[in-house]
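Each reported figure results from applying straightforward, stated rules to the coordinates on display, with no laboratory input. Everything quoted here is computed from the prediction, not taken from an experiment. Here Cβ is always computed from backbone atoms with ideal geometry, including for glycine, and neighbour counts include all displayed protein chains.
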Amino acid sequence: MWGITDMSGDPVSRAGSVDDTPSTTKGRRAPERLVRVGFIPLVDMAVLVAAAEQGFAEREGIRLQLMKDVSWSNIRDRLAFRQFDVAHMLSPMPVASQLHLGSNPYPCFTPFALGRGGNAITLSLDLYREMQALAGLDGSEGALANALALKQVVEHRRQAGKKPLVFAMTYPFSSHNYEFRFWLAAAGINPDTDVTMTVVPPPLTVDAMTARAIDGFCVNAPWNIIAVEKGIGRMVATKADIWPSAPEKVLGVSPEWADENPETLSRLVVALDAAARWCDARENHAALADMMSAPAYLGVPSGLILQLFSGQLTVDPDGRVRHVENYLRFSGQSANFPWISQALWIYSQMVRWGQVAYSEAGLAQVKAAYRPDLYRRILASSGASVPLHDSKVEGLDETFIDGRSFSPDDIQDYVDGFSIRAAANAAVDE
Amino acid sequence: MRAFKTLSKDSQSGQRPLRVAIIEENGIRAAILVDGLREAGILDVEVIETMTNMLRRLSTIDPDVIIIGIENPSRDVLEQMFQVSKLVSRPVAMFVDRSDGSMIQAAVEAGVSAYVVDGLRKERVKAIVDMAVSRFNAFDRLQRELLEARSELASRKIVERAKGILMRTRQLSEEEAYALLRQTAMNEKRKLVDIAQSVVTAASLLEK
């Protein structure tokens, strides 16, 4: 079979400093179970790498076979075709799949989120310098001020009769799409009419910007910092600026596989929970960065990955560094809990941008995508902090960039409250 | 995707000849697909080699079927294109016929996926995808055989096979077939085994 790059690294058990593993299997040795995991090389797959390389999976009697892929469509399809058992997925993908959105919408679910953060919006240096000139930015401004400056440039270009700016994200059902749009709209820019939104695969974003095919992109690490270091991009916002609680990647699970292998799924979640806590501990970051720099995973220098873990981001080629608290979070603040309210927020953005029409039936489908019940059942006795509720009002402790909060009971009101959204009835699906 | 059916164009009800777009950067793979489609009687084929302006090119070509390699990251671009097209209510929708899972699985394993514009009759699509799968498998086999040809034993086998093919197709004796291979190699200043390989390759491409 040509074309599919199976970089299936055999999990290597390294020096075992995994004392804190809350194992359900202490004392007995179960036969080894193979779990095939699809992934896209990005820093936010750290929990999967740690589980495979640091002995967490092995301790649960699981052999993780990590299989690299190139596109989210492939990840989705190969899960459907049973080439993967579980996969590294964008948080909106299980939601989209349950709503039958996209081609080949195979319904899958997530019992475990792989962490938060990592995304950022980077604009071309030329565009940013234009914003500076027009809005008098000195470089210290926050994400919203940057968006407002961009709004001025968009207006200026319109009056001058110039072509709309072109912005890229990585997939129609991605946190990047919704975050980029949220940030633009917070400053009064309509992503559907004021600019052109397009898709560029993550590894091609920097090249596309170098070639001036795009004026900006929203993508996960390490591509933003690579654009800055190459001197072509200026980071203007991070996921933490737009909505710090936003779930980023999740563990997508094939329902058939889960039905056939309930115990393996439980053991996998236990292993990932331990791996996630290990990933959050600062003293492990150097070892984690080393693991992830291997060609089978990211294939970028470990020093660069370590810098990302530290949250010390070089945002401008002139050397300006910004410290982003919790830029990447793998476990803390219930980062692994699959909040129903967060699935519903994703749904609200799908409705907002006309990807789907709001319906009661849709609500039930969305709730099938995120499975806090499984998380709670599997990890109840593990010592992990398990939230008591499946849903909460989002945006109270950690606020959205537009200052509004999201109540999962009032999705339509929330969507109607956005002055910028797709025209009503634009969605034709279902 | 059933909702798209109402949007499909009359022209796609099977009146005009089937039009296929292939998104493929690798010229060799694209050529194999084009040849395969041609043999299956599908002459209206466009190859899109780069991601640049893919939306514009696809809307210009207006294909009934898009074939794209599974390792091509542009697949996510295509996914977005279908979203955008839906938003502007353009009939550039697609479905993967999920009623026949094994066919899709075979297609994906062969590195091909077919995105089919709605309104197309299923049996035509199936034939195309089946064909694409078999062509890609043939390509895969050829590559393996080329690797094998590096060993001397394999070289001898290839010469034997080429002789056999020439004997069969041109009614030559074994000696005449060998002489023809050697003469061709001398004329073209190439190795005997390379000429033999060309014969074998050509024959397998011509085989049904």
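The ranking of A:Phe309, A:Phe56, A:Phe81 by Cβ neighbour count inside 10 Å, starting from the fewest, reads A:Phe81, A:Phe309, A:Phe56.
Across peptide A:94-101, the mean count of Cβ atoms from other chains lying within 10 Å of each residue's own Cβ comes to 1. For segment A:315-320, putting each phi into the Karplus relation 6.51 cos²θ - 1.76 cosθ + 1.60 with θ = phi - 60° gives couplings of 9, 10, x, 6, x, 4 Hz, in residue order, rounded to whole numbers and with x for Gly and Pro.
For the residues of A:172-185, the average number of beta carbons from a partner chain within 10 Å of their own beta carbon is 1. Take each peptide in B:166-173, A:326-333, count the other Cβ atoms within 10 Å of every residue, and average; sorted highest first, the result is A:326-333, B:166-173. May I ask for the net charge around A:Gln152, where only other residues with Cβ less than 14 Å from the Cβ of A:Gln152 are counted and Lys, Arg are +1 while Asp, Glu are -1? Here the count lands on +1. In this structure the amide hydrogen of B:Arg19, modeled in the peptide plane, comes within under 5 Å of the amide hydrogens of B:Asp64, B:Val65, none closer than 5 places in sequence on its chain.
Across peptide A:76-82, the mean count of Cβ atoms from other chains lying within 10 Å of each residue's own Cβ comes to 4. Fewest-first ordering of A:Val356, A:Val166, A:Val228 by other beta carbons within 10 Å of each residue's beta carbon gives A:Val166, A:Val356, A:Val228. Based on Cα contacts under 8 Å between residues 6+ apart, segment A:239-392 shows a relative contact order of 23 percent. Among A:Asp273, A:Asp280, a tally of other beta-carbon atoms within 10 Å of each Cβ gives an order, fewest to most, of A:Asp280, A:Asp273.
Inter-label distance, A:Ser405 to A:Arg322: 2.6 nm, where each label sits 7 Å from its Cα along the C-beta direction.
Computed from the C-beta positions of A:Asp126 and A:Leu363, the FRET efficiency with R₀ = 41 Å rounds to 0.40. In order along segment A:373-388, the Karplus-derived 3J(HN,Hα) couplings, from 6.51 cos²θ - 1.76 cosθ + 1.60 at θ = phi - 60°, round to 4, 5, 3, 5, 5, 6, 9, 3, 9, 8, x, 6, 7, 9, x, 7 Hz, and Gly and Pro are given as x.
Near A:Ile62, the amide H atoms lying under 5 Å from its own belong to A:Arg33; only residues 5 or more places off or on other chains count, and H is placed 1.01 Å from N.
Site pair A:Ala133 and B:Lys191 shows an inter-label distance of 6.0 nm when each label is modelled 7 Å from Cα along Cα→Cβ.
Spacing of the modelled spin labels on B:Glu49 and A:Lys230, each 7 Å from Cα toward Cβ, amounts to 2.2 nm. Phi angles across segment A:339-348 convert, under the Karplus curve 6.51 cos²θ - 1.76 cosθ + 1.60 with θ = phi - 60°, into 3J(HN,Hα) values of 5, 4, 5, 6, 4, 5, 4, 4, 4, 4 Hz, Gly and Pro given as x. Shown is the FRET efficiency for B:Thr60 and A:Ala211, computed with R0 = 22 Å from the Cβ-Cβ distance and rounded to the nearest 0.05: 0.50. For segment B:149-206, the residue among B:Val159, B:Met186, B:Ser198 whose Cα projects farthest onto the positive side of the dipole built from Cβ charges is B:Ser198.
For B:Val47, the residues whose modelled amide H falls within less than 5 Å of its own, excluding neighbours fewer than 5 places apart on the same chain, are B:Ile22.
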